[in-house]
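Novice: Pasting a structure below so you can have a look.
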Amino acid sequence: METFPGNRHIYSYNEARRIAKRKLPHFIFEYIDGSAGSEFGEKKNRSYMTQIELKPKGLINIQDISTSQTLFKEKFTIPFGIAPMGMCQFVSTNADNYLACLGKEKKIPICVSTVASTSLERYWELSEGNSWFQLYVHSDIEFAKKLVQRAADTGYKKLILTIDVPALGRRPREEIAGFKVPFRLTPKIFLDCALHPRWSIANLISGIPQPGNFSKNAFDRSGGRGIIDWDFLKELRDTWKGELIVKGILNIDDAVKVASYGSDAIQISGHGGRQLASMPSPIEMLYQIKNEVKNKCKLIFDTGIRNGEDIVKAYSLGADFVMIGRPALMAIAAYEKKGLYEMVNLLNHESGLTMAQLGEIKISNLSMNNIYKLPFDCEKEHEN
Ligand SMILES: Cc1cc2nc3c(=O)[nH]c(=O)nc-3n(C[C@H](O)[C@H](O)[C@H](O)COP(=O)(O)O)c2cc1C
């Protein structure tokens with residue numbers, strides 16, 4: 001296993017979050033950190049994640065340990081990618097650049113949101129093809145189809161259809177703090193900006209981030225995104241020649257149906273707890289869906305990954321790949337590009353350390369056999 005530098009900035013998610021909170025204007029921090037409603041869903045998922053107990057195993061030669069993982073016949077040297085997140089440029093005026101460079105240099109998937117502040121074409125170029133495109137369908141299906149065509153023409157091979165935002169979830173903390181798109185300079189926001197001069201000057205120089213994939217008024221953030229249905233998925237499957245991933249599934253019936261529609265992967269995700277406070281815990285649903293879907297379709301997992309042990313737990317419960325969201329943004333907010341790279345290195349390193357404790361040398365060998373105890377009911381064992 002690689003040695004890990006002691007002299008660095010990022011030591012844990014919580015520490016990065018603490019620094020991000022200090023450096024960002026309050027309304028931006030609340031946009032990233034906030035969750036839906038009472039935020040119970042996000043907290044419960046984190047609590048389950050923490051309570052899962054792994055089974056340590058000794059006297060195993062782990063010299064050849066590797067955290068690489070293969071998905072869709074592609075080998076990634078790091079076992080996770082970056083989930084799609086809109087408006088990352090609010091965190092740093094260079095955030096999209098850092099993420100794209102990360103994709104290029106580490107060869108990990110960077111998912112580019114429909115509502116990114118950099119165009120999908122530019123992302124592809126900067127990441128040298130290490131990006132996946134994430135589609136939101138807003139009020140105009142024809143516009144969405146054009147976006148898919150643009151992605152295909154650019155060279156994208158992976159398309160993620162996000163289905164868990166039929167309507168934008170209410171995140172009270174961002175509302176209270178005054179976060180609005182388009183950006184509005186109210187007296188409260190002005191004061192918040194004045195208290196964070198470094199952020200404000202950077203945004204004055206670069207200009208407030210704007211949508212990169214469409215003109216300013218073509219997408220109303222608070223408007224509905226609930227016009228697509230199963231027929232749309234079928235049509236998308238018929239037209240998209242690359243891998244199709246359906247993101248935002250927390251329901252066994254939907255998972256089975258999505259697999260039967262020929263999707264290549266299901267992304268089990270609670271959208272970071274940002275859509276439904278009463279959601280079932282995504283980490284529990286990963287376990288349940290794995291039992292039902294077996295190996296008919298790949299399973300990608302996100303929501304609540306905060307350290308390497310969480311990554312190992314997700315793989316042990318049946319994930320074929322993992323994505324992280326807020327850890328990347330908190331790290332950028334705390335220490336810009338070096339923060340992002342250090343966070344990614346830290347999570348990768350911790351994944352290896354955890355595997356060493358379990359006596360496992362390959363991510364693909366992780367299974368329910370590595371789990372000692374689950375905090376939720378489990379009647380059936382996977383056939384891994
Ligand atoms: C600030 C922010 C913006 C997001 N924007 C999008 C988006 O545009 N499209 C999407 O599919 N998911 C979006 N998500 C959800 C993430 O893709 C992912 O599901 C979630 O962040 C994972 O949970 P985690 O933050 O606990 O790691 C966003 C999440 C955050 C925190």
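The values are calculated or read from the model by the stated rules, or taken from the named source; none is laboratory data. Not measured: the values here are computed from a predicted model. We place every Cβ from the backbone using ideal geometry, glycine too, and count neighbours over all the protein chains shown. Heads up: the accessible areas ignore ligands, DNA and RNA and are worked out on the full protein's heavy atoms, side chains in. Shrake-Rupley method; radii C 1.70, N 1.55, O 1.52, S 1.80 Å.
Novice: If packing is taken as the average number of other Cβ atoms within 10 Å across a peptide's residues, how do 81-87, 191-197 rank, most packed first? Before the final figure, lay out each step's value.
Specialist: Values: 81-87: 24.9, 191-197: 14.4.
My ranking of the peptides, most packed first, is 81-87, 191-197.
Novice: Also, I was wondering about something else. Can you work out the accessible area per residue across the chain, with the rest of the protein chains kept in place, probe 1.4 Å, in square angstrom?
Specialist: Details: 16790 Å² over 384 residues.
Per residue, the chain has 44 Å² of solvent-accessible surface.
Novice: Rounded to whole Å and sorted largest first, list the principal axis extents of the Cα atoms in the chain.
Specialist: Sorted from largest, the Cα extents of the chain read 61, 52, 40 Å.
Novice: Please list 3J(HN,Hα) in residue order for region 245-262, calculated via the Karplus relation 6.51 cos²θ - 1.76 cosθ + 1.60 where θ = phi - 60°; whole Hz, with x for glycine and proline.
Specialist: Using θ = phi - 60°, the values come out as 10, 9, 9, x, 9, 9, 8, 4, 4, 4, 4, 5, 5, 4, 5, 5, 7, x Hz.
Novice: Next question, about the same structure. Filter the cross-link list 21/158; 75/145; 158/234; 107/216; 145/338; 21/44 down to pairs whose alpha-carbon distance in this structure exceeds 27 Å.
Specialist: Exceeds cut-off: 21/158; 75/145; 107/216; 145/338.
Novice: What pairs from 73/106; 106/290; 157/313; 104/157; 106/296 go past 23 Å between their alpha carbons?
Specialist: 106/290; 157/313; 106/296
Novice: Can you bin region 67-160 into rounded, prolate or oblate? Criterion: square roots of the alpha carbon gyration tensor eigenvalues sorted a ≥ b ≥ c, rounded for a/c under 1.5, prolate for a/b above b/c, oblate for the rest. Please report the intermediate quantities before stating the final value.
Specialist: Working: a/c = 1.94, a/b = 1.33, b/c = 1.46.
Taking the square roots of the gyration eigenvalues as a ≥ b ≥ c, region 67-160 is oblate.
Novice: Keeping all protein chains in place and using 1.4 angstrom, which order do 143, 40 fall into by accessible surface area, from largest down?
Specialist: 40, 143
Novice: If you don't mind, another one. Under 5 Å between amide H atoms, partner at least 5 residues away or on a different chain: which partners does residue 135 have, H built in plane at 1.01 Å?
Specialist: Amide H to amide H, under 5 Å and 5 or more residues apart or across chains, residue 135 pairs with 160, 161, 162.
Novice: Report the Cα centroid-to-centroid distance between region 31-45 and region 67-124 in angstrom, as an integer.
Specialist: 24
Novice: Which order do peptides 257-266, 51-60 fall in by mean Cβ count within 10 Å, highest first?
Specialist: Working: 257-266: 19.3, 51-60: 12.5.
Top to bottom by mean Cβ count within 10 Å: 257-266, 51-60.
Novice: Rounded to the nearest percent, how much of the accessible area of region 65-214 (1.4 Å probe, protein heavy atoms only) is carbon and sulfur?
Specialist: Details: 3810 of 6550 Å².
The value for region 65-214 is 58 percent carbon and sulfur by accessible area.
Novice: Sum -39500 (n - 2.57) across every DSSP H segment of at least 4 residues in the chain, then divide by the residue count to get the 222 nm mean residue ellipticity, nearest 500.
Specialist: After summing the helix terms and dividing by residue count, I get -13000 deg cm²/dmol.
Novice: What is the magnitude of the charge dipole of the chain about its Cα centre, with +1 placed on the Cβ of each Lys and Arg, -1 on the Cβ of each Asp and Glu, and no other charges, expressed in debye to the nearest 20?
Specialist: That gives a dipole near 780 debye.
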